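Remarks on the structure that follows.
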């Protein structure tokens, strides 16, 4: 991610968070204030409705008592004198403006049913209302107690085709129950009164949660306003106003609160008071929009200022980045061009000075590298020329040494001299051959004549070559798995040279009495074979383990090495491992060494690993 975005994005994000938080907090404060007002009004409306039902119950009881205590009514009811009951009840009911009054005798028979017509007159209903079979009557009859408390309920009246709030009261005669008087007021009368006093719309529910009536405007579906039995139980158990859901009706949103409808000991059902959300939603939306615009404009201004500041900081850094990328690509003439007195300016000036120094050092290194390359080329040419020039006199020397050896058989005094000359010429011949091999490897002209060959043959040849070393230095050679290796596509003479140099290296750095192990493994999944030449020698430090394969590189002090080819820590030109690596790489293989380190007391040993492909894989 660009540093510009790393600077501006946190700044932008923080500004956005502050703006959103500000809008949210301020809007919530306004909304919460309005919501609190709405909640308080719903609570107050609920208390008004409860109080109104209590006042309605008091009015019912007063009306019922006037009827129950009318002189002669109890006797007429006991005698089942319907005419006299009606004659005694009608004046009282008319005087107290009763909407509906029903009288039931002691046997539970409905004796009188009067209801108020639209013109205000009381009409006697010929058809029984069924109120005698309801709990508010049956419970009083069953109790047979003229002093029993009144009972109430909400019920549907089929004759009046509407819901009523009923209250029942026992009628006493000589301290005996003579019957029951039931007084009712229709919802059409109660609901408008409740709405006007509570200043809220009202819904009445029965004991199953069914919505019986509502004052909401328009033709509404009461079934959609009903609540489940669980919701009704929660309302009843709450014993106070509980908030309900917000709902939409004819394009207008409302909020309601429900409360149980209890009068005396009777749980009649529940009611809900409803208020429109307009005065909460509209002011809240207006405030939210205004604050969003205000904070949005402020955020844009802050972002613009931040962007300008970020450019002042970032543009010099971009100049540094471009300059560093150009320098990485090799253009050391590139400069930042930043000129300022702040910390970034100091950094840019320092960077430019560093680049100038780097450019100067690079020119010096390039000249030194050219000189070294020329010297290496000259050295390689010298090695090649010297090796060729030494071959002719060495051949003559070897021939004369052989003649001298023949003559020495007749003269024992010359025998030691001839053997010394032969060993010296052989050693010199070996060094010259190594010099020629390394020059071929350097010039990539090492000629390989590959064929399907076994690794066992060159291994046996190496073992025989160093036969005198095994015996002279009491070294033990162990081979494992070499004979089981499959044929490899390689030059057998080069394989011999590789093994020769690796084994000779192990002999040189293994103390007398040590063990050299040559182990062969096959890796069929990689189609390769691996040869491991390990010893119980003095080991190699980690910092030398990559360098020992370079030509002429030797560990330790060269002047302390012995001059014998197979002597412990014997000397040499330092070409053996470089030749071994060149041969392995010419066959497409890999070579490396593993050693815990150098220690001439514990002799941790070394292990040289050679991996060769089974198929033709020669370096072109």
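The values are calculated or read from the model by the stated rules, or taken from the named source; none is laboratory data. What you see is a predicted model, and the numbers here were worked out from it, not measured in a lab. Don't worry about glycine lacking a Cβ; one is built from the backbone with ideal geometry, like all the others, and counts go over all protein chains shown.
So here's what we get for this one:
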| item | result |
| --- | --- |
| Qualifying position, being outside any helix (DSSP H, G or I) and either exposed (fewer than 14 other Cβ atoms within 10 Å of the Cβ) or at pLDDT 85 or above (or both), among 367, 335, 322, 339 | 339 |
| Meets criteria (more than 22 Å from residue 450 (Cβ to Cβ) and either at pLDDT 90 or above or out of contact with any helix residue (DSSP H, G or I) (no Cβ under 8 Å at 6 or more places or on another chain) (or both)) for residue 573 | no |
| Test: residue 536 is buried (at least 22 other Cβ atoms within 10 Å of the Cβ), touching a residue at least 40 places away in the same chain (Cβ under 8 Å) and touching a strand residue (DSSP E or B) at 6+ places or on another chain (Cβ under 6 Å) | no |
| Residue in the range 205-224 that is surrounded by fewer than 18 Cβ atoms within 10 Å (Cβ to Cβ), at negative phi, in contact with a helix residue (DSSP H, G or I) (Cβ under 7 Å, 6 or more places away or on another chain) and part of a helix (DSSP H, G or I) present | no |
| Residues within the range 521-542 that are assigned to a loop (DSSP other than H, G, I, E, B) and out of contact with any helix residue (DSSP H, G or I) (no Cβ under 8 Å at 6 or more places or on another chain), tallied | 8 |
| Strands (runs of 3 or more DSSP E) enclosed by the range 34-151 - at least 3 residues per element that are in contact (Cβ under 8 Å) with a residue 40 or more places away in the chain | 100-105, 110-116 |
| Lone qualifier among 92, 104 - being in contact with a strand residue (DSSP E or B) (Cβ under 7 Å, 6 or more places away or on another chain) and surrounded by 15 or more Cβ atoms within 10 Å (Cβ to Cβ) | 104 |
| Those residues of the range 511-532 which are in contact (Cβ under 8 Å) with a residue 60 or more places away in the chain, over 14 Å from residue 580 (Cβ atoms) and buried (at least 17 other Cβ atoms within 10 Å of the Cβ), in sequence order | 514, 520, 528, 529, 530 |
| Residue match in the range 543-556 (condition: over 56 Å from the mean Cα position of the chain (by Cα) and in a helix (DSSP H, G or I)) | no |
| Among residues of the range 107-118, those that are more than 24 Å from residue 175 (Cβ to Cβ) and out of contact with any strand residue (DSSP E or B) (no Cβ under 8 Å at 6 or more places or on another chain), counted | 1 |
| Strands (runs of 3 or more DSSP E) fully within the range 427-494 counting 3 or more residues that are touching a residue at least 24 places away in the same chain (Cβ under 8 Å), buried (at least 16 other Cβ atoms within 10 Å of the Cβ) and not assigned by TED's automatic domain parsing to the domain that holds residue 511 | none |
| Options 181, 273: the member that is buried (at least 18 other Cβ atoms within 10 Å of the Cβ), touching a strand residue (DSSP E or B) at 6+ places or on another chain (Cβ under 9 Å) and not assigned by TED's automatic domain parsing to the domain that holds residue 143 | 273 |
| The range 229-243, subset surrounded by fewer than 12 Cβ atoms within 10 Å (Cβ to Cβ) and part of a helix (DSSP H, G or I), residue modelled with the lowest pLDDT | 237 |
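Results for (1) farther than 18 Å from residue 274 by Cα; (2) within 60 Å of the chain's Cα centre (by Cα), shown as yes or no for each residue.
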site: 126; (1), (2): yes, no
site: 151; (1), (2): yes, no
site: 162; (1), (2): yes, no
site: 190; (1), (2): no, no
site: 198; (1), (2): no, yes
site: 206; (1), (2): no, yes
site: 212; (1), (2): no, yes
site: 219; (1), (2): no, yes
